[in-house]
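What follows is a set of notes on a single structure, which appears directly below.
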Amino acid sequence: RVVLAGSSVASAAQLGAAAAMLNVNTGVTARAQSRVSEPLRELDALLAQLCAFVPVDLMPGESDPANFALPQQPLHHCMLPAAAEYAGSTYRAVTNPYAFRVEKRLFLGVSGQTIDDLCKYTRAP
């Protein structure tokens, strides 16, 4: 089983560069739209290849196209159509945080925002 724990689509810097290309008057430029949609296409292709062989759980993260507040809802299946063909068998879009079992062990996964926030406001010894 593979669990992808957030920020699978693009880095915050990549999305920031695409957002900077947006023009309020003319809307989304073709170049900006391509910068946002290309990482989704690449992730979809990767997930489809993985799901052909192993179960995959995809958790959204900080830079993914999901709601920002925790708990984040799963990525919508229309964003990843090739992977969605494996839904119900080897592909699962899951929430963030996400609890799951492997054999008799229970795991709780988060994509890191809570840990990042904790590090921002505490001092390391």
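We did not get these values from a lab; they are worked out from the coordinates using the rules stated. Just so we're clear, the structure is a prediction, and the values are computed from it rather than from any experiment. Methodologically, a virtual Cβ is constructed for each residue, glycine included, from the backbone with ideal geometry; neighbour enumeration extends over all protein chains shown.
Applying the criteria of a DSSP loop state and at most 11 other Cβ atoms within 10 Å to the trypsin sites (Lys or Arg not before Pro) of the stretch 67-120 yields K104. Charged neighbours of V102, selected by a Cβ distance under 15 Å, balance to +3 (K, R count +1; D, E count -1).
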